[in-house]
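Shown next, in structure tokens, is the structure this report addresses.
The values are calculated or read from the model by the stated rules, or taken from the named source; none is laboratory data. Predicted, not measured: the structure shown is a model, and the values here were computed from it. Because the Cβ atoms are built from the backbone with ideal geometry, glycine has one as well, and the counts that use them run over all protein chains shown.
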Amino acid sequence: MMIRALLQGFPDFIYFKDVHGRFLSVSNVCALYLNTSVDDIIGKTDYDFFSRDQADEISLEDKRVMETREPVKDKIERRVSPDGKEIWISVSKAAWENSTGEVVGIIGVCREVTYRIENERHILDMVSIATHDIRGPLVSIGSMIKLLMRGTFGLIDESVRVTLSDISARIGHLERLVNEYLCKSSMMNVKMPVKEHCDLRQDIIDPILDEYLPELEENKIRIDNRLGAIPSNRIIIKANASWIKIVYRNLIRNAIKYAVSGYIAFGFEDRGDYYKLNVYNSGPVVPEENTTKIFEKFESENSTGLGLAISRNLILKHGGNMWYENTWDGHPNFIFTIPK
């Protein structure tokens, strides 16, 4: 009786599917969205209502959730309804287990968030404009300082050269930050930037470690390669390299902040149709009640509270997932997946 009332009166799309993707029960709002009746949906699959590409994407994600039992939470997707209307929805889904713990299907809840997304896109557009305008003068100043260091405008003594070198390094850091925010501001674009084949270690992790080398040395943090680390051979992934760099940059920055005089390790597993990756550090654990909250915007007490929320969103847009676990020895471990 209570479930029926929920399905009939709740304003969100709610559905139950079996392990084969067949709808067993749906809310009235689902039927309105699909421009049909509840009875007509029962027994059918996403392939009866969406394009093949869209249905393939939904089916693959459902199978991954049922296999891993790792839920999807607030994944933002663009959808086109059967009547051609384009909307944005927040997707959450989890494996449906029976009383014995056997997975028997999927439970999903979707909520239309078009108004919210349009507002966020406006804000991100403003950020994009601001960072773009800042980047130009920074590049010019950086180039001018390099000319000064080379003696283009006359000889300079060594102490001045050292000072200019330090300023140049700081400007370089600011340029990277501005580029990162330019990339972040594209997160809510209709289309994800082009995916490319890149070497996980050579193109992503090693350059970021070089960026943070001064901080790693200052905080006496070592990179531990013993804990199931990424192999030395090439690991080619298909992803947007700029977005994956943001993910690793945020995780490494957090690790440096909390693992002073400790170590950081990178994990890698080939799981068949996807890679499972992780960044571990020897800092203190996140309290159990906060392990999901840390991925929500503005939830951090010691930073802007955007880094992990942005990182998880970028991974979700790749078709993967991100979550946090405490390790057996009581340290933080951030895990994410990237489809092949």
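Here are the numbers:
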| quantity | calculated |
| --- | --- |
| Members of region 1-41 that are of a type in the set (S, T, N, Q), more than 20 Å from residue 65 (Cβ to Cβ) and assigned to a loop (DSSP other than H, G, I, E, B) | 35, 36, 37 |
| Sole residue being assigned by TED's automatic domain parsing to the domain that holds residue 87 and touching a residue at least 40 places away in the same chain (Cβ under 8 Å), chosen from 18, 46, 56 | 18 |
| Failed item in (1) of a type outside the set (A, V, I, L, M, F, W, C); (2) under 19 Å from residue 249 (Cα atoms); (3) modelled with pLDDT of 85 or more, with residue 313 passing the rest | (3) |
| Count of region 42-53 residues which are hydrophobic (A, V, I, L, M, F, W, C) and either part of a helix (DSSP H, G or I) or within 25 Å of the chain's Cα centre (by Cα) (or both) | 0 |
| Near pairs, Cβ below 6 angstrom, 6+ apart or cross-chain, from region 26-39 (closer than 11 Å to residue 10 by Cβ and assigned by TED's automatic domain parsing to the domain that holds residue 107) to any residue that is in a strand (DSSP E or B) and of a type outside the set (A, V, I, L, M, F, W, C) | 30/15 |
| Test for residue 69: is it within 25 Å of the chain's Cα centre (by Cα), closer than 13 Å to residue 93 by Cα and surrounded by fewer than 14 Cβ atoms within 10 Å (Cβ to Cβ) | yes |
| Selection status of residue 218, touching a Gly at 6+ places or on another chain (Cβ under 9 Å) and at pLDDT 70 or above | no |
| Restricting region 1-52 to residues that are farther than 23 Å from residue 98 by Cα and of a type in the set (Phe, Trp, Tyr), the residue that is surrounded by the most Cβ atoms within 10 Å (Cβ to Cβ) | 33 |
| Exclusive hit being part of a helix (DSSP H, G or I), under 26 Å from the mean Cα position of the chain (by Cα) and either at pLDDT 80 or above or not assigned by TED's automatic domain parsing to the domain that holds residue 237 (or both), set 171, 145, 167, 134 | 134 |
| Residue within region 255-266 that is modelled with pLDDT under 90, farther than 18 Å from residue 210 by Cα and either in a helix (DSSP H, G or I) or in contact with a helix residue (DSSP H, G or I) (Cβ under 7 Å, 6 or more places away or on another chain) (or both) present | yes |
| Test for residue 265: is it free of Cβ contacts under 8 Å to residues at least 40 places away in the same chain, crowded, with 17+ Cβ neighbours inside 10 Å and not assigned by TED's automatic domain parsing to the domain that holds residue 92 | no |
| Residue list for region 91-106, restricted to those being out of contact with any Leu (no Cβ under 8 Å at 6 or more places or on another chain) and buried (at least 18 other Cβ atoms within 10 Å of the Cβ) | 91, 93, 95, 96, 106 |
